[in-house]
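The values are calculated or read from the model by the stated rules, or taken from the named source; none is laboratory data. Computed from a prediction, not measured in an experiment: that's the story for all the values here. Here Cβ is always computed from backbone atoms with ideal geometry, including for glycine, and neighbour counts include all displayed protein chains.
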Amino acid sequence: MSVTDAASPGAAVVKTEEVDGIGKVLVNGSGMALYVNNVDKHTSIKCVTACAAVWRPYTVSVSTVTSKMPGINGTFSIVTRPEKTKQLALNNRPLYTFIQDRRPGMVRGNAFTDTFSGKKFTWHVATATGVMATATASHPMHSKSPTYGR
């Protein structure tokens with residue numbers, strides 16, 4: 001399923017893709033998995049600088065987005081990041097891609113835990129059901145002290 005909010009460049013594009021052991025996950029227009037974390041909220045984004053280099057914010061250039069998209073349980077919105085860029089959010093949780101997901105269908109960041117600027121983040125792939133995915137046998141948490149191999 002593919003859902004595009006608008007035909008203009010910079011519009012929010014969200015699709016769903018079936019991932020074994022998890023179900024339908026949300027992906028961006030390039031097919032990369034979208035994640036949420038346990039720290040960020042629409043009014044308080046803490047994944048900045050070093051964190052945002054690893055967990056890339058799903059930024060858009062539009063100011064509004066359709067709040068409901070067919071086949072996806074949840075409400076979409078646009079949040080403003082500390083550096084004033086616009087980021088797509090689901091259920092008031094900003095959406096990110098993960099630098100270690102090197103191709104569509106990868107969800108290496110699911111149930112991943114890391115620390116930036118003294119804040120401990122736990123990441124989960126966003127799913128079409130609106131529930132955060134948990135680690136599974138085929139997609140376990142990969143590291144408690146990650147190295148990102150940049």
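What is the residue count in region 78-94 for residues that are among the aliphatic types (A, V, I, L, M) and in contact with a Pro (Cβ under 8 Å, 6 or more places away or on another chain)?
Within region 78-94, the first condition is being among the aliphatic types (A, V, I, L, M), and the residues that meet it are 78-79, 88-90.
Add one more test, that the residue is in contact with a Pro (Cβ under 8 Å, 6 or more places away or on another chain), and what stays is 79, 88.
Residues in region 78-94 being among the aliphatic types (A, V, I, L, M) and in contact with a Pro (Cβ under 8 Å, 6 or more places away or on another chain): 2 in total.
Of (1) surrounded by 18 or more Cβ atoms within 10 Å (Cβ to Cβ); (2) β-branched (Val, Ile, Thr); (3) modelled with pLDDT of 95 or more, residue 72 satisfies all except one. Which?
(3)
Kindly indicate the residue of region 109-119 that is over 12 Å from the mean Cα position of the chain (by Cα) and in contact (Cβ under 8 Å) with a residue 24 or more places away in the chain and also surrounded by the most Cβ atoms within 10 Å (Cβ to Cβ) among those meeting that condition.
We begin by selecting, within region 109-119, every residue over 12 Å from the mean Cα position of the chain (by Cα); these are 111-119.
Now narrow it down to the ones that are in contact (Cβ under 8 Å) with a residue 24 or more places away in the chain: 111-114, 116-117, 119.
Numbers: 111: 18, 112: 25, 113: 16, 114: 20, 116: 18, 117: 10, 119: 14.
That would be 112.
How many residues, within region 87-107, are surrounded by fewer than 20 Cβ atoms within 10 Å (Cβ to Cβ) and out of contact with any Lys or Arg (no Cβ under 8 Å at 6 or more places or on another chain)?
Going through region 87-107 one residue at a time, the tally reaches 6.
Cβ-Cβ under 8 Å, sequence separation 6+ or interchain: first residue in region 79-95 and over 11 Å from residue 60 (Cα atoms), partner of a type in the set (D, E, K, R) and at pLDDT below 95. Which pairs?
92/41; 93/41
Would a scan of region 15-24 turn up a residue that is part of a strand (DSSP E or B), acidic (Asp, Glu) and without any contact (Cβ under 8 Å) to a residue 24 or more places away in the chain?
We begin by selecting, within region 15-24, every residue part of a strand (DSSP E or B); these are 15-19, 23-24.
Subsequent filtering for residues that are acidic (Asp, Glu) retains 17-18.
Of the ones still in play, those that are also without any contact (Cβ under 8 Å) to a residue 24 or more places away in the chain are 18.
So far as region 15-24 goes, yes, one or more of its residues are part of a strand (DSSP E or B), acidic (Asp, Glu) and without any contact (Cβ under 8 Å) to a residue 24 or more places away in the chain.
Name the pairs whose Cβ atoms lie under 6 Å apart, with the first residue in region 46-69 and on the phi < 0 side of the Ramachandran plot, the second outside any strand (DSSP E or B) and of a type in the set (D, E, K, R), and 6 or more positions between them or separate chains?
As it stands, the answer is 46/40; 47/40; 65/5; 66/5, since those pairs meet every condition given.
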